[in-house]
Amino acid sequence: MTGTPLGIFLACAPGLEPVLADEARAAGFAAPRAVPGGVETQGGWPEVWRANLTLRCAARVLVRVGEFRAFHLAQLDKRARKFPWADVLRADVPVRVETATSRKNKIYHAGAATQRIETAIAETLGAPVVQDAAEAAVSVKVRIEDNLVTVSLDTSGDPLHRRGHKEAVNKAPMRENLAAAFLRQCGYDGREPVVDPMCGSGTFVIEAAEIAAGLMPGRTRRFAFEDLASFDPAAWARMKAGQPHAAPAPVFYGSDRDQGAIRMSEANAARAGVDAFTSFACHPVSDLTPPEGPPGLVIVNPPYGARIGNKGMLHGLYGALGKVLTERFSGWRVGLVTSEAGLAKATALPFERPGAPVPLGGIKVTLWRTGILP
């Protein structure tokens, strides 16, 4: 199975598929194609590892390891027992099986299908099968559609926004993979300064600094593929060591009126190894001034009513933010994330047509962008 290209699915938040496809294309993945919920590509196991290690906008990486037809449960049981589980799974690693099906199939009961596949894995491979996701090192994803049983593995484990070095978060944290996607949509490439005047736990600032420094997002965490039969620890060690990085020229700035947020940001930046070229300060938006040097990008995820509190009280905050940026940040671009179009418009900034809504914390947010401010 290692010699045949594997179908790789890069999952992401709905609305960000084109952004992830663009990132995967720039990173050299084979013919990435945006589809609902993610991006399809192909490659061997090293490409699966590399996707987890290097792609910033992905939420997780699934790999398709085989498929077969089954028109009834007895046939599913028989063919699941013939499936080459030992090629991909280890007998000593706990496995969880999740099945998705529909009434359009001859086999439509997901629970019964899951039970047959669990039994096949347990009896032919000897691997322990568990129902609790917290106990499973590997998740087997089974999809039955038009009577075709497709077997995939979740190679990420924890979602990829958990980079492995961010411990402190504020009340409404921005996920790292969404921050990376929004930065990319704003045209950020690591060669300009970034300012976040409501930085919270520092996600935008730290993500921008990592991109500029060439730091791989998965460098400090573990992945589920390390518990698969196909894993090569020596090759993986070489891959992680193979990308040099250096301190970037720009400095990345965050500010917030909450001193606790500044402490969180500084601690997170230190754990990420970017504290030498990030700077955090405690002050309100009214005291915001552009740093010395060339202009760059202001990107901000302000409070919005559905997330923090009363929407009516926020129009003044957005208005003040827009006034400061208009008066003091000539030559800069702005990216603003909010759930409310009315709040974005309250800034009076010259926004272009907004991007697609993206789910975040149970609500949908939109990225609003400007060109270069006059």
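Brief remarks on what is shown
- Restriction of the chymotrypsin sites (Phe, Trp or Tyr not before Pro) in the range 1-70 to DSSP coil positions whose beta-carbon has at most 15 other beta-carbons within 10 angstrom yields no sites.
- Mean projection of the Cα convex hull over all viewing directions, computed for the chain: 19.4 nm².
- Dividing the summed helix terms, -39500 (n - 2.57) for each DSSP H run of n ≥ 4, by the number of residues in the chain produces a 222 nm estimate of -9000 deg cm²/dmol to the nearest 500.
- Listed values for the range 181-195 are Karplus-derived 3J(HN,Hα) couplings in whole Hz (6.51 cos²θ - 1.76 cosθ + 1.60, θ = phi - 60°), namely 5, 5, 4, 5, 5, 7, x, 6, 10, x, 10, 9, x, 10, 10, and x replaces Gly and Pro.
- Computed from label points 7 Å out along Cα-Cβ, the spacing between GLU123 and ALA26 is 5.1 nm.
- Mean-position separation - Cα centroids, the range 344-374 and the range 185-224, in angstrom: 19 Å
- Over the range 17-165, relative contact order from alpha-carbon pairs under 8 Å, at least 6 apart, %: 27 percent
- Magnitude of the charge dipole for the range 247-365, about its Cα centre and with charges confined to Cβ atoms of Lys, Arg (+1) and Asp, Glu (-1), is about 400 debye.
- Distant-in-sequence amide H partners of GLY43 (H built 1.01 Å from N, under 5 Å): LEU6, ILE8
- Computed from backbone phi, the HN-Hα couplings of the range 279-290 come to 9, 10, 9, 9, 6, x, 4, 4, 9, 6, 9, x Hz, rounded to whole numbers (Karplus: 6.51 cos²θ - 1.76 cosθ + 1.60, θ = phi - 60°; Gly and Pro given as x).
- Helix axis angle, 314-328 relative to the chain longest principal axis, alpha carbon, degrees: 70 degrees
- Each of the peptides 175-187, 220-232 was scored by the mean count of other Cβ atoms within 10 Å over its residues; in descending order, highest first, they stand as 175-187, 220-232.
- Overall form of the range 237-374 per C-alpha gyration tensor (a/c, 1.5; a/b vs b/c): prolate
- Angle between the chain longest axis and helix 203-213 axis [Cα atoms, degrees, rounded to 10]: 80 degrees
- Dipole check for the chain: with +1 at the C-beta of Lys and Arg, -1 at the C-beta of Asp and Glu, and the Cα centre as origin, the magnitude is about 760 Debye.
- The chain, relative contact order in percent, only Cα pairs under 8 angstrom and at least six apart counted: 14 percent
- Using alpha-carbon coordinates, inclination of helix 259-272 to the longest axis of the chain, degrees: 50 degrees
- Karplus-derived HN-Hα couplings along the range 14-29 (A = 6.51, B = -1.76, C = 1.60, θ = phi - 60°), whole Hz, x at Gly and Pro: x, x, 10, 4, x, 5, 5, 4, 5, 5, 5, 5, 5, 7, x, 6
- Within the range 252-354, GluC sites (Glu not before Pro) in DSSP loop having at most 14 other beta-carbon neighbours inside 10 Å: GLU292, GLU352
- Shape analysis of the range 1-90 based on the Cα gyration tensor places the equivalent ellipsoid semi-axes at 28, 15, 10 Å, largest first.
- The Kirkwood radius of the range 161-221, taken over pairs of alpha-carbon atoms, gives through the Stokes-Einstein law at 20 °C and 1.002 mPa s a diffusion coefficient of 180 µm² s⁻¹.
- Taking amide H as placed 1.01 Å from N in the peptide plane, the amide H of ARG69 sits under 5 Å from that of VAL149, each at least 5 places away or on another chain.
- Value of relative contact order over the range 92-148, rounded to a whole percent, pairs C-alpha under 8 Å and six or more apart: 56 percent
- Between THR338 and THR366, TRP368, the built amide H atoms are under 5 Å apart, and every one of these is 5 or more places off in sequence or on another chain.
- Shape of the range 211-278, Cα gyration tensor, a/c cut at 1.5: oblate
- ARG64 exposes around 110 Å² of accessible area when a 1.4 Å probe is run over every protein chain in place.
The values are calculated or read from the model by the stated rules, or taken from the named source; none is laboratory data. Being a predicted model, the structure only gives us computed values, none of them experimental. Please note: Cβ atoms are built from the backbone with ideal geometry, for glycine as well, and neighbour counts cover all protein chains shown. What goes into the accessible areas is simple: the full protein's heavy atoms, side chains included, and nothing from ligands, DNA or RNA. Shrake-Rupley method; radii C 1.70, N 1.55, O 1.52, S 1.80 Å.
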